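The values are calculated or read from the model by the stated rules, or taken from the named source; none is laboratory data. Computed from a prediction, not measured in an experiment: that's the story for all the values here. Using ideal geometry, Cβ is built from the backbone for each residue, glycine included, and neighbour counts are taken over all protein chains shown. We work out accessible area using only protein heavy atoms, side chains counted, and drop any ligands, DNA or RNA first. Shrake-Rupley method; radii C 1.70, N 1.55, O 1.52, S 1.80 Å.
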Amino acid sequence: MNALIEGIAAQFGDKCEVVLHDLTENYDSTIIAIKNNHITGRRIGDCGSNLGLEVLRGTVKDGDRYNYITQTKDGKVLRSSSIYIKNSKGETIGAICINLDISDFIMAENTIKSITMRNTTDQIDEVFVKDVNELLDFLLQECQNEIGKPVTHMSKDEKIKALEYLDKKGAFLIKKAGDKVCKYFDISKFTLYNYLEDIRSSTNTNSL
């Protein structure tokens with residue numbers, strides 16, 4: 001597998017980050033191999049992105065995505081592909097992610113448009129972080145944006161809707177996420193577990 005990572009990176013040069021994730025253990029530390037890590041600044045031992053959480057949670061059944069556009073925190077525009085690896089039981093055990101920095105191409109888009117093939121409808125929100133706590137912070141902010149108001153102004157139903165959003169995004173696969181979520185929403189763990197049980201029961205019933 002390392003030879004494949006090396007080969008892809010060598011083919012596309014130093015503008016292409018290639019990452020191998022092990023998704024069988026703690027999501028706090030999934031990166032086991034990475035080439036050209038200056039693209040996103042991540043290292044071996046760092047966590048995966050929010051998209052991987054959705055695949056592991058089961059929110060996204062077919063997680064493979066090709067040629068989608070995303071952006072790093074420092075403004076690099078990336079054309080990315082994420083390919084998930086399954087074992088003989090069909091369980092997701094890993095992923096290979098390719099992130100090609102096309103920022104320079106976009107600056108000269110009028111002359112090399114055929115290379116970038118940039119389409120805003122392909123925009124996918126993916127965040128690249130080093131620490132899984134940053135990833136949880138991102139998801140908490142996203143769920144607040146989804147509701148459209150700060151937590152202090154949310155009703156009980158709106159908090160439940162926000163928790164449902166977090167659950168679908170795989171937030172509770174992050175170790176000790178419950179502690180931070182409880183503090184964020186000012187609820188007890190007992191309340192959190194009850195809300196999640198209701199949410200998941202409702203989801204399972206609706207899918208029948």
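Worth pointing out:
- Take the Cα of Asp125, step 7 Å toward its Cβ, do the same at Leu173, and the gap between the two points is 1.8 nm.
- Simple spin-label estimate for Lys86 and Thr152 in nanometres, 7 Å along Cα-Cβ: 4.7
- Between helix 132-147 and the chain: long-axis angle, C-alpha atoms, 0 to 90°, nearest 10: 60
- Pairs beyond 29 Å (Cα-Cα), from Lys73/Lys175; Lys73/Lys169; Lys35/Lys183; Lys130/Lys183; Lys15/Lys89: Lys35/Lys183; Lys15/Lys89
- Gyration tensor verdict on the chain (Cα atoms; rounded if a/c is under 1.5, prolate if a/b is larger than b/c, oblate otherwise): prolate
- Most to least packed among 154-163, 188-197 [average Cβ atoms within 10 Å]: 154-163, 188-197
- Placing a label point 7 Å from the Cα of Ser29 along the Cα-to-Cβ line, the residues of the range 126-147 whose backbone N sits under 15 Å from it are 130-133.
- Ordering of 67-75, 144-152 by packing [mean C-beta count within 10 Å, highest first]: 67-75, 144-152
- Between Thr191 and Ile8, the modelled labels are 4.3 nm apart [label points 7 Å from Cα along Cα→Cβ].
- Measuring r between the beta carbons of Ile106 and Glu134 and using R0 = 35 Å, the FRET efficiency lands at 0.85.
- Accessible surface of His38 - all protein chains present, 1.4 Å probe, nearest 10 Å²: 100
- Restricting the calculation to Cα atoms, the range 137-179 yields a radius of gyration followed by a Dmax of 10.0, 27 Å.
- The antiparallel fraction among DSSP beta bridges confined to the chain stands at about 95%.
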